[in-house]
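Asker: The structure's right below; bear with me while I get my questions together.
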Amino acid sequence: MFLTTSANERSTLVVTPTFVDSDGVEITPTSLTWSLLDSSGNVINSRSDVVVASLSGDIDIYLFGPDLIILPGEISTHTERHLVLKATWLENGSIEYPIVQEFIFFVKRINGAA
């Protein structure tokens, strides 16, 4: 899923994912990790399988500073990033289901941000 906003280089982006069951009812996952990747699948800023400790209420994932840099060799003014979420959900206390979501967004180069 593409995010409708881009992130400014070295700024802050907050992603608030929601999770729903097969009936479209919002659920709370029992576990959640996230990874930040470039368009080739390389991990950005060592952000691989980051555990989200608190799963109650809104879940906010904050990306900032080194998460939102344009790397050497990335000459585009809008660089693609992938935020991959891996969660599990326990239905009726007995069946565990995997959930995978991917958010694609762009980091926009800001002159003088480096």
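Asker: Considering THR28, THR12, THR18, THR33, which residue is β-branched (Val, Ile, Thr) and more than 20 Å from ILE99 (Cβ to Cβ)?
Answerer: So the residue among THR28, THR12, THR18, THR33 that is β-branched (Val, Ile, Thr) and more than 20 Å from ILE99 (Cβ to Cβ) is THR12.
Asker: Which condition from (1) more than 14 Å from VAL14 (Cα to Cα); (2) aliphatic (A, V, I, L, M); (3) in contact with a Phe, Trp or Tyr (Cβ under 6 Å, 6 or more places away or on another chain) is the one that LEU83 breaks?
Answerer: That leaves (1) as the condition not met.
Asker: Hey, another quick one. Condition first: assigned to a loop (DSSP other than H, G, I, E, B) and surrounded by fewer than 17 Cβ atoms within 10 Å (Cβ to Cβ). Now tell me which residues in the range 48-71 satisfy that.
Answerer: Passing the criteria: SER48, ASP49, VAL52, ALA53, SER54, LEU55, SER56, GLY57, ASP58, ASP60, LEU71.
Asker: Right, something else. Is it fair to say THR79 is under 13 Å from ARG109 (Cβ atoms) and not small (Gly, Ala, Ser)?
Answerer: yes
Asker: Now for a separate question. Name the pairs whose Cβ atoms lie under 8 Å apart, with the first residue in the range 19-34 and assigned to a strand (DSSP E or B) and of a type in the set (Asp, Glu), the second modelled with pLDDT of 90 or more and surrounded by 11 or more Cβ atoms within 10 Å (Cβ to Cβ), and 6 or more positions between them or separate chains?
Answerer: Taking only residues 6 or more apart or on different chains, the pairs are GLU26/PHE19.
Asker: Collect the residues in the range 75-89 that are within 18 Å of ASN42 (Cβ to Cβ), in contact (Cβ under 8 Å) with a residue 24 or more places away in the chain and surrounded by fewer than 15 Cβ atoms within 10 Å (Cβ to Cβ), keeping them in residue-number order.
Answerer: SER76, HIS78
Asker: Ok, one more. Mind listing whichever residues of the range 72-114 are among the small types (Gly, Ala, Ser) and assigned to a strand (DSSP E or B)?
Answerer: Result: ALA87, single match.
Asker: Also: Residues of the range 9-42 being surrounded by 15 or more Cβ atoms within 10 Å (Cβ to Cβ) and among the aliphatic types (A, V, I, L, M), which ones?
Answerer: Hits for the range 9-42 are LEU13, VAL15, ILE27, LEU32, LEU36, LEU37.
The values are calculated or read from the model by the stated rules, or taken from the named source; none is laboratory data. Not measured: the values here are computed from a predicted model. All Cβ positions, even for glycine, are placed from backbone atoms using ideal geometry, and neighbour counts span all protein chains on display.
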